[in-house]
Amino acid sequence: MKQKFIFKFLLFSLFSLGGLSLIHAQGLTLPNVNLGFKNVDDPKEVVSAIKILVMLTVLTLAPAILIMMTSFTRIIIVLSFVRQAMGTQQMPPNQLLVGLALFITLFIMSPALQVINTESVQPYLDGKIKQEVALDKALIPLRKFMFNQTRDADLALFIKMSNLSQPKTRGDVPTTVLIPAFIISELKTAFQIGFIIYLPFLVIDMVAASVLMAMGMMMLPPVVISLPFKIMLFVFVDGWNLLIGSIVKSFG
């Protein structure tokens, strides 16, 4: 029950992050919440208060957990590799990279968010389905996305460590096993893309170092000479267009 409550909160928080425009388009309004203190004797009210405390506690960790269940991990790592390979230090700044990664994540996850909104959130808000049914339906598109990006070897690793019997279908794989397998798969894919991105910039650094050594200019750092050429190369090949397009297509 506790696990379902946490997953329910995370899923509806994910919808809130990516589906505010959908809510506004449908003319829905946010509820009015009043907070206060009073003595209660009804056990149901005590349970409700405990749920609110748990929700507020999970809220502090929700952003970090939610981005791990989406494409954000791969995107932010690849963008960080690009900045480091170019040697531009803090350009683009961290806030810009995180913002770009978030908007690309919303773009990639929009089909899943649309399904969650149509088949889970809206029917639940209309009172057509119960919380348990809404949770199960909301998990379906997220699990499908994570399964498509998770390697079988990574999934088998966590199934083995959890001492579970071999699942016959994807539906038999617990979400608590799928999420860490998805994360390490995303890390591996992001580092593979980062390695490919590093190669052309590494060649430019090597050429600059060789030229300076041949000219006897040992005291001049090669990075100072190679940086303008790396920026020029990235601009001439329309690097941001190629990079973002390749990242989005990698989730296909």
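The values are calculated or read from the model by the stated rules, or taken from the named source; none is laboratory data. These numbers were taken from a predicted model, which means no experiment stands behind them. As a convention, Cβ positions derive from the backbone with ideal geometry for all residues, glycine included, and neighbour counts pool all protein chains shown. The protein model used for the area step is the full one, side chains on, heavy atoms only, and it has no ligands, DNA or RNA in it. Shrake-Rupley method; radii C 1.70, N 1.55, O 1.52, S 1.80 Å.
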- Task: List the number of the failed condition for Pro200; all other conditions in (1) over 30 Å from Leu155 (Cβ atoms); (2) under 29 Å from the mean Cα position of the chain (by Cα); (3) open to solvent by 80 Å² or more (accessible area, probe 1.4 Å) hold.
- Result: (3)
- Message: Against the condition under 29 Å from Phe81 (Cα atoms) and either of a type in the set (Ser, Thr, Tyr) or in contact (Cβ under 8 Å) with a residue 60 or more places away in the chain (or both), how does Thr169 come out, does it pass?
- Response: no
- Query: From the residues in segment 117-168 that are of a type in the set (A, V, I, L, M) and not in a helix (DSSP H, G or I), which one is surrounded by the most Cβ atoms within 10 Å (Cβ to Cβ)?
  - Reply: Ile129
- Message: Could you go through segment 178-186 and let me know if any residue there is within 17 Å of the chain's Cα centre (by Cα), more than 24 Å from Val248 (Cβ to Cβ), in a helix (DSSP H, G or I) and not polar (S, T, N, Q).
- Response: yes
- Message: Condition first: among the basic types (Lys, Arg) and touching a residue at least 40 places away in the same chain (Cβ under 8 Å). Now tell me which residues in segment 89-140 satisfy that.
- Response: none
- Query: Could we say that Thr176 is over 19 Å from Thr105 (Cα atoms), of a type outside the set (Asp, Glu) and in contact (Cβ under 8 Å) with a residue 40 or more places away in the chain here?
  - Reply: yes
- If a residue has to be over 20 Å from Arg83 (Cα atoms), open to solvent by less than 70 Å² (accessible area, probe 1.4 Å) and in a helix (DSSP H, G or I) to count, how many in segment 210-252 make the cut? 1
- Message: Name the single residue that is surrounded by the fewest Cβ atoms within 10 Å (Cβ to Cβ) among those in segment 87-116 being within 16 Å of Pro63 (Cα to Cα) and of a type outside the set (A, V, I, L, M, F, W, C).
- Response: Gln95
- Query: Picking from Thr70, Thr105, which residue would you name as being more than 30 Å from Val203 (Cβ to Cβ), part of a helix (DSSP H, G or I) and either at pLDDT 80 or above or out of contact with any Phe, Trp or Tyr (no Cβ under 6 Å at 6 or more places or on another chain) (or both)?
  - Reply: Thr105
- Hey, can you tell me all the residues within segment 169-192 that are within 15 Å of Leu157 (Cα to Cα) and of a type in the set (S, T, N, Q)? Thr175, Thr176, Ser185
